[in-house]
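Step one of this worksheet: look at the structure below.
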Amino acid sequence: MPDNWRCGPAVKRLAGLAAAALALCACTSSAAGTSTATASSPQATGTATGSPAGAPPSASTVQADSPRWKLKWQTYFPDSAPLGSFSDCNNNDRTPAAYCAGLPASLRSQWWAYPSGWPDTATETHMPLGGYYDPAHTVWISGGQMHIRMFRTTGSIHSAAVVPKASIGQLYGKYVERFRALDPGSSTGYKSSHLLWPTYAPLNYEVDFPEGEWDSSFCIHVHAIPVGTATKNFCPVGATFAGWSTTEVEWWPGNVAFYLNGTEIYHVTGKWAPDERMSWIIQNETALGGEIAPENSSAQLNISYVAVYTYAGEKG
């Protein structure tokens with residue numbers, strides 16, 4: 001088993017050490033891109049329907065800089081990366097120099113992905129069907145969006161977890177993304193657990209949002225001291241992968257607040273708020289709730305906006 005930083009959903013066996021150290025500086029992207037890339041075998045869909053490709057959430061949904069938050073990095077995905085670009089990914093012995101050598105130079109400083117062959121949570125916990133991360137065959141960028149298309153032929157799931165390098169090793173921060181599943185009705189057996197995960201051992205905290213199966217709803221799960229022994233869960237009514245959603249996690253001393261489409265929906269304080277450096281992992285993998293992805297199936301998540309903020313020091 002590789003020594004990595006990974007975790008899964010609310011019920012899980014925690015495996016691997018945390019990776020990476022201090023936060024990285026990453027280039028800021030701005031304007032929406034228009035180029036397209038052809039995703040090859042297995043066949044993939046290039047863009048989502050029903051969303052302005054690359055458009056950011058509205059100003060009323062995502063806040064600009066404030067006394068508490070300073071924008072560190074954001075992207076509307078202006079630069080394309082064809083299927084196969086997220087290749088030769090290396091965690092570089094758990095340092096901030098993690099990279100995917102196959103990415104274009106404009107993106108190499110912005111993104112990392114779990115390397116090919118790392119087991120996902122279902123595999124690590126010996127579920128009936130598991131998966132292995134395979135970013136070269138599951139992730140690409142085109143038309144102002146990142147596309148994450150997991151699939152199964154006759155064996156394991158091909159999973160995908162991508163990491164904004166600007167988020168590595170932050171102490172406090174705000175994390176924003178806009179996403180939707182392309183066809184949630186046919187996404188049985190695939191899920192997301194986008195999470196804050198400790199940079200160093202001991203692994204005391206984990207914060208998951210959104211977490212859920214793509215053909216169903218998504219929830220908030222907060223695990224604390226040590227991870228897995230105490231949990232808070234909240235599932236907002238009507239939160240599904242079927243339409244475009246914008247989620248925000250705001251984390252500052254003694255607090256973690258969760259927003260859905262600009263509205264605060266949940267807030268934890270005290271012992272539930274991490275006080276250690278964390279990294280934000282956009283993790284997608286085999287479902288753990290008993291659903292089995294059919295053979296020769298696939299499912300796709302599209303992301304049109306991602307942002308990372310640093311904590312400006314206001315005492316909340």
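Bear in mind that the values in this text are calculations on the coordinates, not laboratory data. As the structure is a computational prediction, the values presented were derived from the model and not from experiment. Please note: Cβ atoms are built from the backbone with ideal geometry, for glycine as well, and neighbour counts cover all protein chains shown.
Numbers below:
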item	result
Over 24 Å (Cα to Cα) - which of Lys70/Lys191; Lys70/Lys165; Lys72/Lys271; Lys191/Lys271 fall in this group	Lys70/Lys191; Lys72/Lys271; Lys191/Lys271
Order of Leu107, Leu301 under a 10 Å beta carbon neighbour criterion, fewest first	Leu107, Leu301
Ranked list, fewest to most other Cβ atoms within 10 Å of each Cβ, for Ser87, Ser142, Ser186	Ser186, Ser87, Ser142
Pairwise Cα inverse-distance average, inverted: Kirkwood Rh of segment 69-311 (Å)	17.9 Å
Sorted by Cβ density within 10 Å, fewest first, the residues Glu291, Glu250	Glu291, Glu250
